[in-house]
Amino acid sequence: MATIEGWGNNTTTPGPPGADAGPFPDPGQAASGLAGIGAVCRWYGDTPALPGSPGVQGLPGAAGTIGGAGRKGLVGGNGMTVTVEASQYTGIGTITYDFHGGKGGPGGKGGRGAIGQRGQQGGNGGVGPGNGCEPNAPGTGGNGGPGGMGGPGGTGGTGGDGGKGGTLTMRYRLVPPVVLPVSGGLNGGAGGDGGPAGEGGNGGPGGAGGSVGGAAGGQGLTYDQVNPLPAPPGAPEGPGYPGLPGAPATFNLQPY
């Protein structure tokens, strides 16, 4: 028995990965508190300054954006097109053949989700001016905003399409030979596997607390000081879809 082979190669190189998502810009600082009441300076005795209102609490950072989807995998190799003479195989019994298409390549990995935006810095506390005769009266700075949640990872790319099955033509005289496909020898290539999902982005850092204007004063708490747990990472999206199977192989007996 002889076996004629002309199958396509499987593709193993994955498709290009998706782009990693970029971060949002820093949100800056929240508004300062209102100014306090200034000191009153007199020769017989000064009235001290009164502090202003606290700085405004920083806003939470925005959640990161989703990573880019992975790209489609590469197509599997096509089976060969071969024509042979049956007389080359006389006296050896049954002839088998395998001309299946190659499996498509895996889809590309999804891109990484963006890091969460930094929380907004708390506003500075308002200050009551000392007017040269009394110390400044600083207000308390606002708390920093919490960092944003990390963005989800991108969806994995679709698997590559399977390769087309090949074509075997067997030419013969008078009596046709016994020619049978091996198991799967007529199949088109299987679709490639979907690409893996991208990783979720990290949670963003908490914003710094606001400070006082002028002289020393109270520092606002950062989000990490209020809540030591970081913002949660983004969840990955699903893997990509498998590719489409290739066209089946064909076999022809051709008398001449």
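The values are calculated or read from the model by the stated rules, or taken from the named source; none is laboratory data. Since the model is a prediction, treat every value here as computed from it, not as a measurement. Cβ placement follows ideal geometry from the backbone for every residue including glycine, while neighbour counts extend to all protein chains displayed. Side chains included, ligands, DNA and RNA excluded: accessible areas come from the protein's heavy atoms. Shrake-Rupley method; radii C 1.70, N 1.55, O 1.52, S 1.80 Å.
Descriptive notes on the structure:
- Some residue of the stretch 127-136 being farther than 30 Å from residue 29 by Cβ, among the β-branched types (Val, Ile, Thr) and open to solvent by 20 Å² or more (accessible area, probe 1.4 Å): no
- Within the stretch 26-84, the set of residues being under 30 Å from residue 5 (Cβ atoms) and either among the small types (Gly, Ala, Ser) or open to solvent by 60 Å² or more (accessible area, probe 1.4 Å) (or both) comprises 72, 73, 74, 75, 76, 77, 78, 79, 80, 81, 83.
- Which listed residue is in contact (Cβ under 8 Å) with a residue 60 or more places away in the chain, closer than 29 Å to residue 245 by Cα and of a type outside the set (D, E, K, R), from 128, 153: 153
- Single residue of the stretch 137-162 satisfying the filter (within 15 Å of residue 35 (Cβ to Cβ) and in a strand (DSSP E or B)) that is least open to solvent (accessible area, probe 1.4 Å): 137
- Subset tally (residues that are open to solvent by 20 Å² or more (accessible area, probe 1.4 Å) and of a type in the set (Gly, Ala, Ser)) for the stretch 163-184: 2
- Any hit, the stretch 6-18, residues being open to solvent by less than 90 Å² (accessible area, probe 1.4 Å), in contact with an Asp or Glu (Cβ under 8 Å, 6 or more places away or on another chain) and at pLDDT below 90: no
- Test for residue 187: is it surrounded by fewer than 24 Cβ atoms within 10 Å (Cβ to Cβ) and either touching a Cys at 6+ places or on another chain (Cβ under 9 Å) or β-branched (Val, Ile, Thr) (or both): no
- Every pair of residues 6+ apart whose Cβ atoms lie under 8 Å, when the first sits in the stretch 8-31 and is at positive phi while the second is surrounded by fewer than 16 Cβ atoms within 10 Å (Cβ to Cβ): none
- Among residues of the stretch 52-70 that are in contact (Cβ under 8 Å) with a residue 12 or more places away in the chain, those with a Cβ under 6 angstrom from a residue that is among the hydroxyl-bearing types (Ser, Thr, Tyr) and assigned to a loop (DSSP other than H, G, I, E, B), sequence gap 6+ or separate chain, pair up as 54/140; 55/32; 69/155.
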